[in-house]
Amino acid sequence: MRMSYLTDQLQSCFTSVRTLSRGERGTVTLLRHNGSGQWFVLRDYRGSATPYRKLLGISSPHLPQVYEVAEEGGCVLALEEYIPGDTLAAVLTGGHTLPPGEARAVGRQLCQALHVLHSRSIVHRDLKPEHVILCGSRAVLVDLDAARLVHPSPTADTQILGTVGYAAPEQFGLAQSDSRTDLYALGVVLNLMVTGVHPTVRLAPGRLGRVIAKCTMTNPDQRYASAAQLYEYL
């Protein structure tokens, strides 16, 4: 879709409600459709539109529905489903933790979201509590602004992106990120949900701790091979 056409549609059919977030990469705005009153999210950022385009028409309970995408000169607009709820980061504020069973349930749902992405060669690259929305008992992974596609030939990412503490070692120029990169971040998030701290500070006890330890191995080859495999161990 052409950027000018989508911009015209947004101006004529939607009302801006409020800015949800603003950062270095771009802005996220809550919109209301003038006819239906339904709420949507507009992502306006600099980067690649390809990950969002590859999700057009894809329905998953653990990813927001992507409705429209436009790109021009490195600027991207993506219109997607609004997911009501609290971020996992908000739930964990003040050192609050989740019972291991609840943490595993969230982890399994995030594995399902990652399976959809990875099956389309999309690596999220910025999985963290701020990008997980809890809507009742449902966990939804949002924000593909840092996502990239896995390519067969490059040995390293062309741009280093990710959040320190959650980013896998290969995201700092050591190798190309791939699906196992997201499993590293998910391991960190799992540990944070149960213990309130990074696994390098204190690892969750028992079997879950062993799962997290495998997720967060420095060498990607020593991690789980896929989100589907990790799901089975959770």
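Under 1.5 on a/c is rounded, so check that first for region 9-77, then, if it is not, pick prolate when a/b is larger than b/c and oblate when it is not; a ≥ b ≥ c are the square roots of the alpha carbon gyration tensor eigenvalues. All intermediate terms of the calculation are to be shown ahead of the outcome.
Values: a/c = 1.56, a/b = 1.15, b/c = 1.35.
Oblate is the answer for region 9-77, as a/c is 1.5 or above yet b/c matches or exceeds a/b.
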Exercise. Treating the angle as unsigned and between 0 and 90°, give the value, to the nearest 10°, between the Cα long axis of helix 100-118 and the longest Cα principal axis of the chain.
Key: 60 degrees
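Considering just Cα atoms, how many Å³ per residue does the convex hull of region 1-43 enclose? Walk me through the numbers before you get to the answer.
Details: hull volume 3.1 nm³, N = 43.
Cα-based convex hull of region 1-43, divided per residue, equals 72 Å³.
Evaluate the charge dipole of the chain about its Cα centre and quote only its size in Debye, nearest 20, assuming +1 on the Cβ of each Lys and Arg and -1 on the Cβ of each Asp and Glu. Present the calculation step by step, with values, prior to reporting the outcome.
Numbers: 22 positive and 20 negative charges, 101 e Å.
Using Cβ point charges on Lys, Arg, Asp and Glu, the chain gives about 480 debye.
For the chain, what ratio Rg/Rh do Cα atoms give with a Kirkwood hydrodynamic radius?
Values: Rg = 17.7 Å, Rh = 18.3 Å.
Answer for the chain: 0.97.
Coordinate-derived values only; no laboratory data. These numbers were taken from a predicted model, which means no experiment stands behind them. Positions of Cβ are backbone-derived with ideal geometry, glycine not excepted, and every protein chain shown enters the neighbour counts.
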